[in-house]
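Written out below as structure tokens is the structure these notes cover.
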């Protein structure tokens with residue numbers, strides 16, 4: 001089970017997957033290693049030592065050296081472990097270019113996965129095999145949301161920090177009024193036929209989305225009036241889904257808005273849904289912002305200042321903040337200058353900082369360090385007993401947070 005306390009760790013794993021999936025080797029020289037929890041470290045090292053010897057048969061000098069160097073670095077890292085972590089260990093190692101062909105440097109990424117590794121895997125390929133790690137990030141619980149009335153239907157999938165509206169359909173059924181010269185009874189028969197056709201269409205789409213495409217763990221049905229109840233009572237919903245209904249909810253809307261309303265009203269019935277945890281955090285922040293003497297703070301400069309004063313309890317960070325702290329230390333007098341900058345402007349800012357003489361000794365020779373802003377905030381937060389929570393940028397709450405600069409938090413006391 002992945003709890004909300006792991007949101008930063010999951011963010012880092014997703015970021016690593018994104019970066020590693022774009023890397024390519026010149027040959028089959030990139031090493032992917034998955035180690036299960038109870039696999040003895042010495043056995044893994046012995047296995048890799050044997051593979052190192054086998055790699056000596058590779059004809060290409062460059063590929064052979066790269067593979068053996070990657071294996072050597074992996075074995076050196078494994079020697080730091082007395083035993084594998086609780087969930088096992090994943091290591092990606094290989095020669096990656098820094099500035100075109102011939103500039104390859106052996107890089108190693110070690111990741112403690114969010115769920116236990118099931119099988120020992122060693123692969124040497126022209127790309128890193130991140131697909132098994134990506135599968136571990138999939139939500140354990142997937143819910144189907146059906147918002148239905150006689151006019152329209154919304155079909156959604158709720159998993160982890162995502163609510164996706166998979167389909168929205170309109171019925172085209174006219175309201176319950178007499179039309180032209182038709183008798184009321186004849187008109188109602190026609191309307192019932194249209195409703196039956198609509199229900200059958202809905203049933204086909206729901207079965208495909210909830211069973212074939214997503215294999216949902218539970219279904220929540222909602223909508224205004226009796227339409228949803230008639231749909232269920234008359235057996236239009238596939239029996240496999242019918243037996244897996246968590247709750248039926250009265251809502252004000254069907255369609256797209258109805259799906260969102262169902263999720264809000266069914267919050268207490270949904271287990272381990274990160275989206276709902278994020279919603280509570282952002283709504284609490286908005287409440288503090290609008291309250292006189294509220295304890296909300298937003299914007300990276302204010303948050304860093306509050307961290308330095310040990311006056312922050314929880315920090316909310318958008319998962320697409322893409323910001324780096326640049327730290328330059330004068331090699332002559334050790335004077336430090338720092339800037340926090342968006343990654344898109346990082347190179348330009350670094351060039352400007354390098355060209356500016358030291359304010360103390362006028363030298364222009366610096367030692368440069370870069371740190372992802374999330375890593376920096378987490379390190380400072382841990383030091384003062386605060387927490388960092390990552391907020392998905394693709395949700396409504398995530399968009400609200402981005403309007404505050406993508407970073408916000410709760411103060412411990414009013415400054």
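The values are calculated or read from the model by the stated rules, or taken from the named source; none is laboratory data. This structure is a prediction, so every number in the text was calculated from the model and none was measured. Cβ coordinates were reconstructed from backbone atoms using ideal geometry, including for glycine residues, and neighbour counts include every protein chain displayed.
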Subset of the stretch 120-155, residues under 24 Å from the mean Cα position of the chain (by Cα), touching a residue at least 40 places away in the same chain (Cβ under 8 Å) and loosely packed, with under 15 Cβ neighbours inside 10 Å, comes to 134, 140
| said: Condition first: part of a helix (DSSP H, G or I) and under 12 Å from residue 145 (Cα atoms). Can you find one or more residues in the stretch 244-253 that meet it? | reply: no
Meets criteria (modelled with pLDDT of 95 or more and either under 23 Å from residue 143 (Cβ atoms) or surrounded by fewer than 16 Cβ atoms within 10 Å (Cβ to Cβ) (or both)) for residue 207: yes
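Going by what's in this entry, would residue 222 be described as modelled with pLDDT under 95, in contact with a helix residue (DSSP H, G or I) (Cβ under 9 Å, 6 or more places away or on another chain) and not in a helix (DSSP H, G or I)?
Values: modelled with pLDDT under 95: no; in contact with a helix residue (DSSP H, G or I) (Cβ under 9 Å, 6 or more places away or on another chain): yes; not in a helix (DSSP H, G or I): yes.
Answer is no for this residue.
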Result of the Cβ filter at 7 Å on the stretch 52-74, keeping first residues that are on the phi < 0 side of the Ramachandran plot and partners that are loosely packed, with under 15 Cβ neighbours inside 10 Å and assigned to a helix (DSSP H, G or I), at least 6 apart or interchain, is 64/56
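In the stretch 45-86, which residue that is outside any helix (DSSP H, G or I) and buried (at least 17 other Cβ atoms within 10 Å of the Cβ) is modelled with the lowest pLDDT? Lay out the reasoning, then the answer.
Our first condition is that a residue be outside any helix (DSSP H, G or I); within the stretch 45-86, this holds for 58-60, 79-86.
Imposing the further condition that a residue be buried (at least 17 other Cβ atoms within 10 Å of the Cβ) reduces the set to 58, 84.
On the way: 58: 87, 84: 94.
Checking each candidate, the answer is 58.
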*asked:* Scan the stretch 333-346 and tell me whether some residue there is in a helix (DSSP H, G or I), surrounded by 19 or more Cβ atoms within 10 Å (Cβ to Cβ) and touching a strand residue (DSSP E or B) at 6+ places or on another chain (Cβ under 7 Å).
replied: no
Selection over the stretch 233-247 where residues are in contact with a helix residue (DSSP H, G or I) (Cβ under 8 Å, 6 or more places away or on another chain) and surrounded by fewer than 16 Cβ atoms within 10 Å (Cβ to Cβ) yields a count of 6
Checking 312, 317, 262 in turn, the sole residue that is part of a loop (DSSP other than H, G, I, E, B) and touching a strand residue (DSSP E or B) at 6+ places or on another chain (Cβ under 9 Å) turns out to be 312
